[in-house]
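The values are calculated or read from the model by the stated rules, or taken from the named source; none is laboratory data. None of these values were measured; they are calculated from a predicted model. Backbone-built Cβ (ideal geometry, glycine too); neighbour counts: all protein chains shown.
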Amino acid sequence: MKFKDGIKEKNIIVKCGADKFLPFAITFGLYVILFGTVSPGGGFQGGVIVASAAIMIYLGYGFHIVSRALRSETLRVGEALGASLYVFLGLLGIIGGANFCRNIFFDNGEVGDLISAGTITYMSYAVGFKVLTGVGFLLLLLLGILAPDPEPAKPAATETKEQIEVKETLNETLHTEQKEKEAVS
């Protein structure tokens, strides 16, 4: 975030709010993923709730902390893993002699138990994992756009005579090549 002149640090109230609500958001999101087949919610909704933790960290601490907490490569791999797991669970229906995404473990437990929905439960978990990693990755990209520009590079103190000559030679070569291309066109 861009700060007003003279402000060096984020507001302590925003930091405390992020610290207070971050565990709640993650716990509630995981609850929605886990119990999505027996109560309102599911993998998609829970995944988005858990991914919202990235926004809370950003608001409280800034982009540099978010980028350290959430590695983009890990999120990309996790998203691919969640999608692969969903496809594998969908193929279990074909392996079981039915169609894709068929619920073949439907007689597990009693109605209302955590895994009573059979294959659908595990597919919901896979969707939740894919969504939380995918949306987390998208949020990380979007927050990177909002992040303040890095400090401008400091100019070199002094350039040697040789460095200046090399730059001039390169510029002349590029200029000559550009004229040759224009002449050919």
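Structure summary
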quantity: Pick from region 10-43, criterion of a type in the set (Gly, Ala, Ser) and under 21 Å from the mean Cα position of the chain (by Cα), ranking: surrounded by the most Cβ atoms within 10 Å (Cβ to Cβ); calculated: Gly43
quantity: Every pair of residues 6+ apart whose Cβ atoms lie under 7 Å, when the first sits in region 74-103 and is in the same structural domain as Phe129 (by TED's automatic domain parsing) and over 20 Å from Val131 (Cβ atoms) while the second is among the hydroxyl-bearing types (Ser, Thr, Tyr) and in a helix (DSSP H, G or I); calculated: Leu92/Thr119; Asn103/Thr119
quantity: Filter pass, Phe100 being within 17 Å of Ala147 (Cβ to Cβ) and either loosely packed, with under 12 Cβ neighbours inside 10 Å or modelled with pLDDT under 90 (or both); calculated: no
quantity: Selection count, region 54-86, where residues are among the aliphatic types (A, V, I, L, M) and touching a Phe, Trp or Tyr at 6+ places or on another chain (Cβ under 9 Å); calculated: 8
quantity: Residue match in region 55-69 (condition: buried (at least 20 other Cβ atoms within 10 Å of the Cβ) and in a loop (DSSP other than H, G, I, E, B)); calculated: no
quantity: Candidates Phe44, Phe21 - the one that is at pLDDT 90 or above and within 18 Å of Val131 (Cβ to Cβ); calculated: Phe44
quantity: Any hit, region 50-60, residues being of a type outside the set (Asp, Glu) and over 15 Å from the mean Cα position of the chain (by Cα); calculated: yes
